[in-house]
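The values are calculated or read from the model by the stated rules, or taken from the named source; none is laboratory data. Note that the structure is a prediction, hence the values are computed from the model and not measured. Using ideal geometry, Cβ is built from the backbone for each residue, glycine included, and neighbour counts are taken over all protein chains shown.
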Amino acid sequence: MKLVFTFGTRPEAIKLAPLVHEAQRRRGVHPVVVCTGQHRELLRPVLELFSLRPDHHLELMTGGQSLGGFTGRAVEGLADLFGRLRPDAVAVQGDTTTVLCGALAAFYNRIPVAHVEAGLRTDSRYSPFPEEMNRRLAAQLATWHLAPTAKAKEALVAEGVRRLGGHIHITGNTGIDALFLGLELAKGAPPPAGELGEVFARLDSDPSRPLVLVTGHRRESFGEPLERVCRALRRVAGAHPELLFVYPVHLNPNVKGPVQEMLGGLGNVFLTPPAGYGDFLRLMKRSHLIVTDSGGVQEEGPALGKPVLVTRETTERPEAVEAGGVRLVGLDEDRIVGELERLVAGGEEYRRMAVPRFPYGDGQAAARCLDAILGEPVEQFRPDGGPEPAP
Ligand code: UD1
Ligand code: UDP
């Protein structure tokens with residue numbers, strides 16, 4: 001089977017890497033790696049860490065790209081490429097523009113689509129924007145729906161994807177496979193160079209100083225909501241000089257500009273360039289708690305036993321919220337300050353959150369995804385103590 005893996009952004013590459021590795025190990029599978037290059041700098045360290053070498057690289061990123069502009073270029077480039085490659089199937093992962101374009105370009109060539117991490121829903125049209133709609137549209141186009149959790153499967157069943165001949169499997173999230181693999185690959189790696197290296201040295205010299213790790217990049221938060229998050233962080237950093245904040249800032253100009261303006265120059269807040277995946281895993285392991293709007297970090301934090309505060313109004317990942325490792329704190333400045341203060345105070349509440357939890361995967365998701373695509377029997381993922389998945 002000639003199987004194309006298409007990705008373009010950092011999280012897609014991280015979560016598809018275990019699947020590409022698995023495909024490389026399987027007899028009868030000929031994996032072809034296609035990169036749209038939706039991201040550039042953010043992608044490079046992931047490709048290096050996981051030894052991913054795109055067979056075809058469209059290098060489409062432009063600075064400050066628009067949704068429509070990138071979508072047009074990616075659909076055209078991918079449809080043309082898939083038409084020439086004629087694979088048996090195309091695998092896409094997640095909810096980015098590359099996912100929607102990859103699925104659409106495959107459909108235009110009548111090539112079946114495997115959607116990895118299918119079925120996550122907020123049921124809110126513009127949150128996350130445009131990802132909620134990207135993921136829903138990809139579901140309309142896909143043949144294999146590789147749902148990480150039982151909830152994700154329920155959403156797909158309710159939307160009727162089986163009426164178009166779709167197959168749904170509960171696989172767990174390949175992000176947890178990537179986490180285990182990344183921790184292994186990052187072991188013993190030298191500290192990074194540059195600003196991030198200086199931050200690592202500072203953290204090493206003061207190992208008991210609590211670290212608050214921060215990320216943020218969602219489009220629906222650009223402008224005023226992002227400013228509220230920054231103001232909240234500034235207040236807590238000012239009130240707690242004993243804390244260190246590390247914020248690897250996303251390269252999107254709508255994030256980088258305001259964050260540097262509002263949080264730059266504070267003595268205990270370190271704004272750094274984006275961290276390589278291995279370095280980011282080390283930062284997460286070293287952290288006391290995490291503040292983020294990232295999808296992937298909402299899955300990794302609980303697995304590492306780190307409390308996660310999610311600065312969003314909705315989440316398509318309710319499982320860890322329900323399990324108690326993640327709290328959805330919204331975008332109100334006072335609320336974020338209050339929630340941070342409660343966790344910084346420590347005590348029973350912190351301890352209850354800081355327990356490793358694995359609602360999203362057991363590290364075997366890539367094998368299940370590939371079994372499903374190859375038409376082999378799939379042993380469904382079931383988190384410990386979780387309900388038996390419905391047929
Ligand atoms: C995209 C995804 C989002 C995902 C995020 C992961 C869409 C619509 N959004 O958002 O779902 O969570 O990636 O990070 O697909 N840039 C660089 N270098 C890079 C990457 C980005 O300079 O390596 C800058 C460029 O100016 C680029 C801009 O960031 O135009 C936006 O990148 P884009 O991929 O369109 O959106 P993200 O906000 O990164
Ligand atoms: N990540 C990283 N370096 C960073 C910040 C995040 O490698 O500086 C990793 C993180 O561990 C997770 C993924 O990038 O696996 C999440 O990417 P992002 O937050 O950009 O996208 P999302 O998951 O929200 O789509």
Region 208-267, subset of a type in the set (Gly, Ala, Ser) and within 15 Å of ligand 2 (Cβ to nearest atom), residue farthest from MET284 (Cα to Cα)
SER221
Regarding region 250-267, can at least one residue be identified that is farther than 29 Å from ARG44 by Cα, surrounded by fewer than 20 Cβ atoms within 10 Å (Cβ to Cβ), away from ligand 1 (no atom under 16 Å from the Cβ) and not hydroxyl-bearing (Ser, Thr, Tyr)?
yes
Within region 287-314, track down each residue that is closer than 18 Å to ARG352 by Cβ, of a type in the set (Val, Ile, Thr) and within 14 Å of ligand 1 (Cβ to nearest atom).
VAL310
Tell me, yes or no, whether region 380-387 has at least one residue that is farther than 18 Å from THR215 by Cα, over 15 Å from the mean Cα position of the chain (by Cα) and crowded, with 19+ Cβ neighbours inside 10 Å.
yes
Is it the case that ALA147 is at pLDDT 95 or above, small (Gly, Ala, Ser) and out of contact with any Asp or Glu (no Cβ under 9 Å at 6 or more places or on another chain)?
no
Give me the pairs, please: first residue somewhere in region 249-272 and more than 20 Å from HIS39 (Cα to Cα), second residue anywhere and assigned to a helix (DSSP H, G or I) and small (Gly, Ala, Ser), beta-carbon distance under 6 Å, and either six or more positions apart or on two chains.
LEU266/ALA237; ASN268/ALA237; VAL269/ALA237
Taking region 205-230, which residues are in a helix (DSSP H, G or I) and either free of Cβ contacts under 8 Å to residues at least 12 places away in the same chain or within 16 Å of ligand 1 (Cβ to nearest atom) (or both)?
SER205, ARG219, GLU220, SER221, GLU224, PRO225, LEU226, VAL229
